[in-house]
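J.: One structure follows; several queries about it will come next.
Just so you know, all these numbers are worked out from the coordinates, no wet-lab data involved. Note that the structure is a prediction, hence the values are computed from the model and not measured. We place every Cβ from the backbone using ideal geometry, glycine too, and count neighbours over all the protein chains shown.
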């Protein structure tokens, strides 16, 4: 079996060896899915995984825009349309200086499995730009978004490709992008998700990824007759996902003690309660400040510069910042400090060494494609509301989100439960996500 996996990865490397993040994502899936393919006559010999690894379409374009000083700036824009076997392409737009083809291909590939797990009719895609919104004025961000959409609009649509937000793309950016799309196409359709409530958005969409990450952790704990109540939790990041993971974990009786950004992390032994979280939300969402300012407001907390929080003691860890933020040494530190639950809020935040360490220790470990699927699930619910021209209540959307996360957890157990009762959520998520897409691809012929 190892030889089959190595042969597959060698072929992938010949085409994509210059794209390390994408190679890492494919390797993680190949290790669990290829043995399953070999055991199933319906998939064996059909080259399904190779077809899933190759994007259906990858678009790269120039984005020229004018800054406040009148200078013409040039950025790169991208849209990766990975797989549309079960529905229109669906996935976020990321505006960050690190954005490149490798990162977007890894995100789009993960999105295929994640969207399949939700059971909603959505294919996988991802896009963005190396534009950095930090330090830019609202006018500059508006001009960039408008220029970006003058090219992107040719490739998207409510039944073709429905982008959403991601790092660097929040409600403000979605608004500017949607305004230009509407102007160019002369139509009001549900082509973007994450919209404002007054113009087609869904309740709890901002909260959904963080909430879903906590719901999934709680579901894993229930398999051991346990719950989030009384648990000490490490959360990384301080943006949207981290904020609402903190909120929901606190509501379920846990104590969140860390948050972070690119400058370092804060540790508050007393816990980040609702009042402290409100301060963080204002600091990050309105003032766009640094997390280090937390200790000025709450001096009993400490700030550690240039580090991640993974060497602190905890029961539960929720990486909610970015890819590969947890390495092998971090994983060892978490395990030695008592962590027995890891629920990923970010996309691929643990590298392969860390993943293998978690699985070897047989802790409750949920990969992002399962545990952070709540965001895209609620985006799918927003698409449904747009198509129906109606809005659901907060309780209705939250109820549907809980049900979707429970279904994802059940699917992971179905394909990931081992003979000794341990659930390998990585294998479970990968195979469950693969099966739905693979069956659709087989039914549609060689496309």
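J.: Quick check: anything in the range 44-53 outside any helix (DSSP H, G or I) and in contact (Cβ under 8 Å) with a residue 60 or more places away in the chain?
T.: Yes, because at least one residue in the range 44-53 is outside any helix (DSSP H, G or I) and in contact (Cβ under 8 Å) with a residue 60 or more places away in the chain.
J.: Select from the range 121-144 the residues that are touching a helix residue (DSSP H, G or I) at 6+ places or on another chain (Cβ under 8 Å) and farther than 29 Å from residue 86 by Cα and write down the one among them that is surrounded by the fewest Cβ atoms within 10 Å (Cβ to Cβ).
T.: Taking the candidates together, the pick is 138.
J.: State yes or no: is residue 212 part of a helix (DSSP H, G or I) and touching a helix residue (DSSP H, G or I) at 6+ places or on another chain (Cβ under 7 Å)? So that I can check it myself, show each step before the final result.
T.: Working: part of a helix (DSSP H, G or I): yes; touching a helix residue (DSSP H, G or I) at 6+ places or on another chain (Cβ under 7 Å): yes.
So residue 212 fits the description; yes.
J.: Just give me the residues in the range 119-159 being outside any helix (DSSP H, G or I) and farther than 14 Å from residue 88 by Cα, in sequence order.
T.: 127, 128, 129, 130, 131, 132, 133, 134, 135, 136, 137
J.: Of all residues in the range 1-37, how many are out of contact with any helix residue (DSSP H, G or I) (no Cβ under 6 Å at 6 or more places or on another chain), part of a loop (DSSP other than H, G, I, E, B) and either buried (at least 18 other Cβ atoms within 10 Å of the Cβ) or touching a residue at least 12 places away in the same chain (Cβ under 8 Å) (or both)?
T.: So the count comes out to 1.
J.: Please tell me if residue 294 is farther than 27 Å from residue 104 by Cα, in contact with a helix residue (DSSP H, G or I) (Cβ under 8 Å, 6 or more places away or on another chain) and assigned to a helix (DSSP H, G or I). Let's see the steps before the verdict.
T.: Details: farther than 27 Å from residue 104 by Cα: yes; in contact with a helix residue (DSSP H, G or I) (Cβ under 8 Å, 6 or more places away or on another chain): yes; assigned to a helix (DSSP H, G or I): yes.
Answer is yes for this residue.
J.: Tell me which residues, restricted to the range 306-321, are farther than 23 Å from residue 98 by Cβ and more than 19 Å from the chain's Cα centre (by Cα).
T.: 311, 312, 313, 314, 315
J.: Now, a different point. Filter the range 345-359 down to the residues that are touching a residue at least 60 places away in the same chain (Cβ under 8 Å) and crowded, with 22+ Cβ neighbours inside 10 Å and list them by number.
T.: The answer is 345, 346, 347, 348, 349, 355.
J.: Among all residue pairs at least 6 apart or on different chains, which show Cβ distances below 6 Å where the first residue, located in the range 169-183, is free of Cβ contacts under 8 Å to residues at least 60 places away in the same chain and the second is surrounded by fewer than 21 Cβ atoms within 10 Å (Cβ to Cβ) and part of a helix (DSSP H, G or I)?
T.: As it stands, the answer is 176/142; 180/146; 181/153, since those pairs meet every condition given.
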